[in-house]
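Everything below concerns the one structure shown next.
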């Protein structure tokens, strides 16, 4: 508790953090919280997914809200609906013991009229995907004139998904803001252009070392099997896990669907989460998983961003991720709240073995072979 006090976090928030098992600041929180709690500034923070960024920007953001002014004062932009939902849920949890701060999540995949109706209520903070925020702005449901802070979460991912024009439009519309906070796993040319155009030249800069990124309670393992024996190897792993719960990651939508059907045919309790599912179907699958109706959730990286489920025992990389940050994000779904967990990678080619060595080198971890 004293660690968060030292970083400028108010006691009402610390009590709420403790209830959701956030007791010790992560490296990104250690660096970012003192900066954002000290006054208005622009910020560029380079940090991987799964490093505690929501609390790093969310707590100072909540602190800055003027409760008497019932207008939109802050906008958080992120790449996916799942991440929108997760951030809004976290902000709600943070304010459990403080004064009521109203947050609305605005994202594609849900009927826009439902969101338009919600936005008629007093709203202090909007968490949104860029495309849907433009939609509600064009319908006159949101005015950004009074926005003081814009947060760009996972900026590189938003740009890679083609949201540059929408980001420009939103940032121009919120031209009275006093601060912009940008969080990104990588700072490539596209992100640098955003920084130069929309952030002040004296913006604070924070970089979280990759040595601090990966949870130390995760046992990183790999198993060698050829392409034809992957399914049988996975079945054996799930059998050993028994009633333990976890995630299996595939690279493509088709891969998740195919694996789901094969495992269901073998009598395994599984379900798949992928981009072809509508929002209602996704929510239904997640609710069922959270209620422990089945043991294993199969997912792609895109829809898995923002999944927030405690007490997962394992993560399986059925297909190795293309990006280093995806490995960190996937693995970070397990070993939460001080528990231990397993991150198991399937290696079925020389290329996969090279990728394992690359992940070890870049993320400063050891991935041990198991039989």
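Laboratory data are not the source of any read-out in this text; all were calculated from the coordinates shown. These figures come from a predicted structure and were not determined experimentally. Reconstructed Cβ throughout: ideal geometry from the backbone, glycine too, with neighbour counts over all protein chains shown.
Note on the stretch 214-369: Kirkwood hydrodynamic radius from all Cα pairs is 15.6 Å, rounded to one decimal. Taking every alpha-carbon pair within the stretch 199-298, the share separated by more than 25 Å comes to 37 percent.
Computed on the Cα trace of the stretch 110-151, the radius of gyration divided by the Kirkwood hydrodynamic radius gives Rg/Rh = 0.92. Shown for 124, 323, 317, 40: other C-beta atoms within 10 Å of each C-beta, ranked fewest to most, produce the order 40, 323, 124, 317. Each helix, a run of at least 4 DSSP H residues, gives -39500 (n - 2.57); summed and divided by the residues of the chain, these come to -12000 deg cm²/dmol at 222 nm. Using equal-weight Cα scatterers in the Debye expression, the normalised intensity of the stretch 86-196 in log10 at q = 0.13, 0.16, 0.20 Å⁻¹ is -0.52, -0.79, -1.21. Computed on the Cα atoms alone, the convex hull of the chain gives a volume of 134 cubic angstrom per residue.
Compute the projected area of the convex hull of the Cα atoms of the stretch 202-256, averaged over all viewing directions, and report it in nm² to one decimal place. Please report the intermediate quantities before stating the final value.
Values: hull surface 29.1 nm².
Convex hull of Cα atoms, orientation-averaged projection: 7.3 nm².
Per-peptide packing, taken as the mean over residues of other Cβ atoms within 10 Å, places 55-64, 271-280, 142-151 in the sequence 55-64, 142-151, 271-280 from highest down. Per residue, the convex hull spanned by the alpha carbons of the stretch 11-136 comes to 118 Å³.
Once you have the alpha carbon radius of gyration of the stretch 172-236, what is it after dividing by 2.2 N^0.38 Å, with N set to its residue count?
On the way: Rg = 21.1 Å, N = 65, 2.2 N^0.38 = 10.7 Å.
For the stretch 172-236, the normalised Cα radius of gyration comes out at 1.97.
Hydrodynamic analysis of the stretch 127-244 uses the Kirkwood radius over alpha carbon pairs. Inserted into Stokes-Einstein at 10 °C and 1.306 mPa s, it gives a translational diffusion coefficient of 88 µm²/s.
I'd like the antiparallel share, as a percent to the nearest 5, of DSSP beta bridges with both residues in the stretch 214-369.
Working: 0 of 25 bridges.
Expressed as a percentage, antiparallel bridges in the stretch 214-369 total about 0.
The ratio of the alpha-carbon radius of gyration of the stretch 2-211 to the globular-protein estimate 2.2 N^0.38 Å is 0.95. The coefficient of translational diffusion for the stretch 127-173, derived via Stokes-Einstein from the alpha carbon Kirkwood radius under 25 °C and 0.890 mPa s, stands at 220 µm²/s.
Of all the options 123, 12, 328, the one that moves most in a Gaussian network model of the chain with Cα springs shorter than 10 angstrom is 12.
Of the residues 233, 103, 80, which exhibits the maximal mean-square fluctuation in a Gaussian network model of the chain defined by a 10 Å Cα contact cut-off? So, out of 233, 103, 80, the one fluctuating most is 233.
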